[in-house]
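A quick write-up on the structure given underneath.
The values are calculated or read from the model by the stated rules, or taken from the named source; none is laboratory data. What you see is a predicted model; the values in this text were computed from it and never measured. When we count neighbours, we look across all protein chains shown, and the Cβ atoms used for this are built from the backbone with ideal geometry, even at glycine. Ligands, DNA and RNA are stripped out before the accessible areas are found, and what is left, the full protein with its side chains, is counted by its heavy atoms. Shrake-Rupley method; radii C 1.70, N 1.55, O 1.52, S 1.80 Å.
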Amino acid sequence: MNYVVRKARAGEAAYAADLHRRLYGEEYAWGEGFTSYAEKIALDFETKPKSARKAFFVAQAVDREDPSGAKLVGCIMLCGTPDPEVGRWLIEALLEKARAADYRKLVL
């Protein structure tokens, strides 16, 4: 199995919305407030104006024997907030913690 990370295509925001609902709602039992919020962000991504400060990537599993059976296996979005520094702060906090814990590699 090969894995490819690529920019999301039209219609794939529904995958992200469903994944958020299942993962955070069913597996982690987070409330409807959060799952609806996360779902709305994913679905709005395709309809809102694009900017250089936003990105949506998917991970796709591709079977070497049958490339036509490729399926989405994960996703990640970069979305803005009213404070343009928030994304940078979150990443820096994560990297600082990873370094302190002596991680040599991170996987999303």
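Structure summary
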{"read-out": "Exposure of Arg88 as accessible area (Å², to 10), given a probe of 1.4 Å and all protein chains", "value": "110"}
{"read-out": "The chain: relative contact order as a whole-number percent, Cα under 8 Å and 6+ apart", "value": "28"}
{"read-out": "Gain on full stretching of the segment that runs from Lys48 to Val73 - 0.36 nm per residue minus C-alpha separation", "value": "6.6 nm"}
{"read-out": "Per residue value of the accessible surface for the chain (all protein chains in place, 1.4 Å probe), Å²", "value": "78"}
{"read-out": "Gaussian network model of the chain, Cα within-10 Å springs - most flexible of Val58, Val86, Val73", "value": "Val86"}
{"read-out": "With all protein chains modelled, accessible area of Asp83 [1.4 Å, Å²]", "value": "60"}
{"read-out": "Square roots of five times the Cα gyration tensor eigenvalues for the range 29-82, Å", "value": "27, 17, 9"}
{"read-out": "Zone residues, the range 1-42, relative to Val62, backbone N less than 16 Å from point 7 Å out along Cα-to-Cβ", "value": "1-9"}
{"read-out": "Viscosity 0.890 mPa s, 25 °C: Kirkwood-radius Stokes-Einstein D of the range 1-97 over Cα pairs, µm²/s", "value": "164"}
{"read-out": "Where Asp66, Asp102 fall by accessible area, highest first, once all protein chains stay in place (1.4 Å)", "value": "Asp102, Asp66"}
{"read-out": "Estimated dipole of the chain in Debye, rounded to 20 [Cβ of Lys and Arg +1, of Asp and Glu -1, Cα centre]", "value": "440"}
{"read-out": "With all protein chains modelled, accessible area of Lys71 [1.4 Å, Å²]", "value": "130"}
{"read-out": "Where Cα atoms sit under 15 Å apart: lysine pairs in the chain separated by 8 or more or lying on different chains", "value": "5"}
{"read-out": "The chain, accessible surface, carbon-and-sulfur percent (1.4 angstrom probe)", "value": "58"}
